[in-house]
Amino acid sequence: MATMKFMCDAERCIECNGCVTACKNANEVEWGVQRRRVVTLNDGEPSEVSISVACMHCDDAPCIAVCPTETLYQRDDGIVLHDKDLCIGCGYCLYACPFGAPQFPKQNAFGERGKMDKCTFCAGGPAETKEEEYQKYGANRIAEGKLPLCAEMCSTKALLAGDAQEVADIFRQRVVQRGHKDGGWSGNPRADADSLAYDATQQG
Amino acid sequence: MSMSMMHAGAARRLLTLLVLLAGLVLSQLALAQQADPGREAAFAVPAVDAELWRQVKEGETGPNYRDSRAESTYNLVNTSGETWRQIRERWVSPFGAIAVLGMMAAIVLFYLMVGRKHLDEPRTGRKLLRWSLVVRSLHWTVATLFILLAITGLNLAYGKTLLRPLFGDGAWSAMMSGTKLIHNYLGPLFGILLVILLLRLLSHNIPKAHDLQWFAKGGGLVGKGHPDAGFANGGEKVWYWLLATAGLAVIASGFVLDFPNYGQARDTMQWAGIIHAVGALGLTAVALGHIYIGTVGTEGSLEGMTTGYVDESWAKEHHNLWYDEVKDQAIPEDQLAEHRQASQGDEPAPRSG
């Protein structure tokens, strides 16, 4: 069984927000909720770097651990989904998530937040019919054999989605091709020792 | 001829030089293109290093941090979320369960070993007013709310483990929605009423020197006879001050959690959640003791909070210092009943509570 993962190659991300738009469009996410966001560090400085963030579909997801209603659950392929019928809007997932993935449409007195929404890896969620599924969770592209639209539409292929092994292989290949001894992270003083770009195939 | 030879030699040398130069330029160009079309442009981003990664994890964001999500208050990575989860799941939940279940077990054990505390002397039939109607109404409202909040709170903390297997999806969903509604809407009411009750009872609960004696004697469990006690004994004062400290902390943190519309930061919510859970679970455990002592545990206590009056013997034994103050106000039981009938429940607002 594949384990599905996102990976954003920070050296390729050009902060175009295409992934954000693609996600909004594919899933018809309700107003005020943005499942994917692009974070830019040191904007305008020579060291500027951007990365696209959404639910990372953690192996040991904190949101699942703290949810009091079992709204959140993990599929066998690692995708973390949510059941909107069970959500009571307590906000615990939002407190626990390291990536700010869970969002609520409202933020009113007496903890009235509405139903939580988050990235589904374009895998929909529990519903009786396809229409209901689309209306509640957005597209189920995984069921159609397609990958999440954000990654599919990424113009620089910075955002990768798919089986963790495949994604890791692609990224490893890039690191080797780039020839950075320190891999994706530049300026590592131990670059020679770590030599993340070590390519076994090139070494006689 | 020699001139032409010389010319031809110079021309050849010049040509060689040109070819060499052209070769050099071409090779430089080829080097610039890195010769390998599959090779990615290796542009180094000098500052993206371990130090930056540390800053990201610490949540240190400079002025040039950007997030494309509107009104986002998130960092790139919020490690406090995982810390909160670990504190909650590893410490608060299990030890809270141990506290509440442990208290239940201790009470059952105490009841089986020591049993109900009966009055030493027979009832005199003369009654003393202990709790006014206002205090009794407040007490039972607060008590009802406390029990509702404790049950719903425990359900939010442990329902997933204990009750989820018993419910189908539909019933579970409705039950949890109801739980959250009760907890969030009755919580503030409980908070306000508890503060009023605490203010009303403050004068009875000022710590006194004889309270130390009360504790030394374990509230009467150690040695013979009852230790001195005023209107409130040492144990009651502890319960009062627990509510006035931990209780207020639970109420304050509850308000923080219940009103996200003021835009509290996530870290504030995490702290409020921990304080709320620790305080509430602790108070639930102690409340079980309060409920036991007030009902099954001690003969003659419950009637004080239901009818407002206690028997003279009870007052003499449990609150001797208070009894000395008010013994001349004792009313015979039948006179009290007559008075009640006459006024049809329209009691004169008693002042002693």
What number of residues within region A:22-57 are under 27 Å from residue A:84 (Cβ atoms) and in contact (Cβ under 8 Å) with a residue 24 or more places away in the chain? 22
So in region B:267-299, with the set limited to residues that are in contact with a Phe, Trp or Tyr (Cβ under 6 Å, 6 or more places away or on another chain) and surrounded by fewer than 21 Cβ atoms within 10 Å (Cβ to Cβ), which one is nearest to the other protein chains (Cβ to nearest Cβ)? B:269
What do you reckon, is residue B:226 of a type outside the set (Asp, Glu) and touching an Asp or Glu at 6+ places or on another chain (Cβ under 7 Å)? yes
If you check residue B:56 against the conditions, is it at pLDDT below 90, in a helix (DSSP H, G or I) and surrounded by 16 or more Cβ atoms within 10 Å (Cβ to Cβ)? yes
Name the residues in region A:105-158 that are within 14 Å of chain B (Cβ to nearest Cβ), small (Gly, Ala, Ser) and either in contact with a strand residue (DSSP E or B) (Cβ under 7 Å, 6 or more places away or on another chain) or assigned to a strand (DSSP E or B) (or both), would you? A:125, A:158
I'm checking my understanding of the structure. Among residues of region A:81-93 that are in a loop (DSSP other than H, G, I, E, B) and over 25 Å from residue B:71 (Cβ atoms), which one is farthest from the other protein chains (Cβ to nearest Cβ)? A:83
Restricting attention to strands (runs of 3 or more DSSP E) lying wholly within region A:1-64, give those where 2 or more residues are more than 11 Å from chain B (Cβ to nearest Cβ). A:4-8
Restricting to region B:300-315, name every residue that is over 23 Å from residue B:225 (Cβ atoms) and buried (at least 17 other Cβ atoms within 10 Å of the Cβ). B:305, B:308, B:309
Of all residues in region B:59-81 being part of a loop (DSSP other than H, G, I, E, B), surrounded by 14 or more Cβ atoms within 10 Å (Cβ to Cβ) and within 25 Å of the chain's Cα centre (by Cα), which is farthest from the other protein chains (Cβ to nearest Cβ)? B:78
Pairs needed: first member in region B:92-113, under 21 Å from residue B:274 (Cα atoms); second member anywhere, aromatic (Phe, Trp, Tyr) and part of a helix (DSSP H, G or I); C-beta distance under 7 Å; at least 6 residues apart or different chains. B:97/B:158
Output for region B:82-139, where each listed residue is closer than 29 Å to residue B:226 by Cβ, part of a helix (DSSP H, G or I) and among the hydroxyl-bearing types (Ser, Thr, Tyr): B:111
Return the residues of region A:94-104 that are at the interface with chain B (Cβ under 9 Å from one of its Cβ atoms) and not aromatic (Phe, Trp, Tyr); say none if nothing qualifies. A:94, A:96, A:97, A:98, A:100, A:103
Scan region A:21-33 and give yes if some residue there is under 15 Å from the mean Cα position of the chain (by Cα), polar (S, T, N, Q) and more than 22 Å from residue A:174 (Cα to Cα), otherwise no. yes
I'd like to know if region B:212-225 contains one or more residues that are touching a residue at least 12 places away in the same chain (Cβ under 8 Å), within 26 Å of residue B:141 (Cβ to Cβ) and not aliphatic (A, V, I, L, M). no
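The values are calculated or read from the model by the stated rules, or taken from the named source; none is laboratory data. Since the model is a prediction, treat every value here as computed from it, not as a measurement. Every residue, glycine as well, gets a Cβ built from its backbone with ideal geometry; the counts of neighbours run over all protein chains shown.
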